[in-house]
Structure formats: C-alpha cells, structure tokens
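Report on one structure; see the data block that follows.
The values are calculated or read from the model by the stated rules, or taken from the named source; none is laboratory data. Note that the structure is a prediction, hence the values are computed from the model and not measured. Every residue, glycine among them, receives a Cβ derived from its backbone with ideal geometry; neighbour counts consider all protein chains shown.
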Amino acid sequence: MVLENLLQNPLIQDNLDVLLQNPYLQNNYIQALVILLLVYIASKTLIFVIANVVHKITDRTRTKVDDVIIERTKGTWVHVLLFVGVRLAFAPLELGTGITETTVHILNSIIIILLTKIVVTMVDVFLDIWGKSWAKKTKSSIDDQLLPLVHSLSLAVFSLLGLMFLLQEWGIEITGLLAGVGVAGLALSFAIKDSLANIFGGISLVLDKTFKVGDKIKLQSGEMGIIQDIGLRSTKIRTFDNELLIVPNGQLANSRVVNYKLPDLSARIVIEFGVAYGTKIEKVKKVVVGTINKIKNVTKDDESKKPKVLFMNMGDSSLNFKAFFWVGDTGEMFATKEKATCMIYDALNKAKINIPFPTQTVHLKKK
C-alpha cells in the first residue's frame, strides 16, 4: 500500500510521463531498461553519499548510535532502492495480468521485509548502546536480565508489524487475526499479571533510583538490611542476622521503604536518658555535650548537626532529656550510639548526677 501511494504521487507521475513521452522511449522494454539504469545510478550515488558525506557528519556527533546504524543498514538501503527500481520497471511492461500482479506482489513483499529489517536493526542498535550506557550507571543485575528481554520483545513487535503489512499486501484480511491475538493476549495477561507486576516493579525501582546494591534500607514491615541484588522479579536483602530476604519487586514498588543512604550517608543518633529531680539542667547539658564532642566520628563542623541536648519533660520519677548528634556514615550508627551511651553514663556518674530508678510513693491510710 505504501508503494502504491508512492507511485500515485502527482510529482512522480508527472516526471514519469515526461520521461515516457520521449519518442525514443515508446518501447516498453526500453522504458523498463531506462528505469533500471537510473535506479542503478541512484544506488551508486547513494553508496557514494553514505561513504563520503554521511559518515563525515556522523563522525562529528558525540553518540555512536548514528555511526553504527549507518554501518549496519547502508547495504539494506541499497537493496531497497534496487528493488524499488525493479518494481518501477514493471510499470510499463505488459506480461499478462496474472504474471505482472504476482511479480509486483513479490517485489513489494521483498521491499516490506527489507524495510522491516532496517527498523528492527535501528531499534536493536539503539537499545544495545543505550542499554550498555544504562548498565554502567547501575550495580543491579536487572539490566543484564532486562535488556535481552527488551531486544527480543522489540524484534517480535516490529516483525509482527512487518508481517501485518505483508499480509495486507497479499490481500489477506487481518481483522479477525488481530481479534484473536487480542483475546489470547488478554487471557495471557491475566495468567501472568503477578509476574508482570514484579517485572515492571523492578524496572520502576531502578529508573526511580529508589535504592541500589549496597544501600541499607528498612521495609514497611520493619525488617532492615543491605541490598544484595535487584533482579528482574525480586530483590534480595541481607539482614543483620545474616538472613536473606527475597521480596517481590511489585510489593517493594508499592510499599514504603526507608533508604538510610539517601539523600546522603549521614545519620542522626538520639539517646534518651533521665536524671534525678533537683539536678541543674544546664549542668546536665554541659556534661553530656562535652562527652559527645570527645567522640572522633561525631559531626562537629556543621552548625546544624552539632551535638545538642534538650530537656524534654518532667517524668514521674526523673527529668527526661534527649541527646542529638550526627555521624558521617550510617554504618557507624550502632557502634557510635553504644559508645556514646556508655560515655554519657560514666560522665553523669563522675559528675555526681544521679540517674534515678523508677519509683512510686504509696501512702497507707488507717481506718
């Protein structure tokens, strides 16, 4: 259909009419020979232009996509031009209606196949180069599993489109075929909807940069661990008890996840403690802040992250405080918190600041 529309273009028809009205070109076979000769010259010109002009232009671009596409499709483009020439050469010939129509259908089919090959090659080159660039930016294995799948899927989709044009060329009705494929696809989608949800969930996790291999995360259910691998169907998380959690990507993509490495590696530590009633508040703050500042890996340069102690409330049996301070890496949180808790306890004892036990006073009344 595309070729028929091309041949019916008024500009092409006018040029062909002017050419064929020449008295020396009234013979149909000479007309066909002239068309083939012109197409042959055009194909040689195309090869020359690709080699001497197009390659120089693509060499100046930063991407390699255009260079690879030109290199892998230039031969096919020449074949397309040659077969288009043969197809045009059959226009003035009258070899019998049946023979001519069948030959034209065959030539059109070959051209459709060649054009489909060009489109598939272009998509394949783009996905291959883009995929390698993407894979370098991620540490997960999902790209290694996903890219072959995308390649195969793109090959199948464009091959199917080419087949549809091919069937249409031979007058085969494709409406019923498309309806059957649609029903089969609907049934298949219901059967594998969970797998598809996990696959697209994994893709969204990587594209959104929710986390990457090596990040420490906390799931909505409370489990905490290190990302070991982001696969096509599931994500593997190693907990601090050395257990391996395998979570479906669809579930991860639709739940709340805390990533301790975003937006940066720094983390805040909070330590709660209480002192006896009657203790001076400023003395408590001075002792605890001075103690925390003695820890080497505590952040002290950033004004907003300097250690501080806040008096929170007056409890049932103690004055309750919270100490806030930051460390530069989430991996240092637990060890630093344990060290700071021990040092605060020793410093309060050394300063003779009592840490009271929870107590209750019971009054008995005799009748």
**Fill in**
Only one of (1) of a type outside the set (A, V, I, L, M); (2) surrounded by 19 or more Cβ atoms within 10 Å (Cβ to Cβ); (3) modelled with pLDDT of 90 or more does not apply to Ser234, and that is (3)
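Could you identify the single residue in Gly85, Gly96 that is over 40 Å from the mean Cα position of the chain (by Cα), closer than 25 Å to Leu37 by Cβ and either modelled with pLDDT under 75 or aliphatic (A, V, I, L, M) (or both)?
Unique residue meeting the criteria: Gly96.
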**Request:** Scan the stretch 320-334 for residues that are in contact (Cβ under 8 Å) with a residue 60 or more places away in the chain and either of a type in the set (Gly, Ala, Ser) or in a loop (DSSP other than H, G, I, E, B) (or both) and jot them down.
**Result:** Gly328, Asp329, Gly331
**Request:** Give the residue that is modelled with the lowest pLDDT, with candidates limited to residues of the stretch 147-182 that are surrounded by 14 or more Cβ atoms within 10 Å (Cβ to Cβ) and more than 20 Å from Ile113 (Cβ to Cβ).
**Result:** Leu147
**Item:** Residue list for the stretch 335-367, restricted to those being free of Cβ contacts under 8 Å to residues at least 24 places away in the same chain, closer than 30 Å to Glu303 by Cβ and of a type in the set (Lys, Arg)
**Value:** Lys350
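Could you tell me which of the residues Asp316, Asp346, Asp301 is farther than 30 Å from Asp215 by Cβ and outside any helix (DSSP H, G or I)? Don't jump to the end; show me each part of the working.
On the way: Asp346 fails: outside any helix (DSSP H, G or I); Asp301 fails: farther than 30 Å from Asp215 by Cβ.
After ruling out the rest, the residue left standing is Asp316.
Quick grid of which residues meet (1) β-branched (Val, Ile, Thr); (2) surrounded by 16 or more Cβ atoms within 10 Å (Cβ to Cβ):
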{"position": "Ser255", "(1), (2)": "no, no"}
{"position": "Asp264", "(1), (2)": "no, no"}
{"position": "Lys296", "(1), (2)": "no, no"}
{"position": "Thr299", "(1), (2)": "yes, yes"}
{"position": "Lys308", "(1), (2)": "no, no"}
{"position": "Phe325", "(1), (2)": "no, yes"}
{"position": "Asp329", "(1), (2)": "no, no"}
{"position": "Lys350", "(1), (2)": "no, no"}
{"position": "Pro358", "(1), (2)": "no, no"}
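Residues that are within 38 Å of the chain's Cα centre (by Cα), at pLDDT below 95 and not assigned by TED's automatic domain parsing to the domain that holds Leu219: does the stretch 275-296 have at least one?
no
Could you say whether any residue in the stretch 199-207 is surrounded by 11 or more Cβ atoms within 10 Å (Cβ to Cβ), at pLDDT below 70 and assigned to a helix (DSSP H, G or I)? Can you show your working first?
Here is the first cut: in the stretch 199-207, the residues surrounded by 11 or more Cβ atoms within 10 Å (Cβ to Cβ) are 199-206.
In the following step, the residues that additionally are at pLDDT below 70 were identified as none.
The answer is no, given that none of the residues of the stretch 199-207 is surrounded by 11 or more Cβ atoms within 10 Å (Cβ to Cβ), at pLDDT below 70 and assigned to a helix (DSSP H, G or I).
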**Message:** Going by what's in this entry, would Ile118 be described as at pLDDT 60 or above, among the hydrophobic types (A, V, I, L, M, F, W, C), over 30 Å from Ile203 (Cα atoms) and surrounded by 15 or more Cβ atoms within 10 Å (Cβ to Cβ)?
**Reply:** no
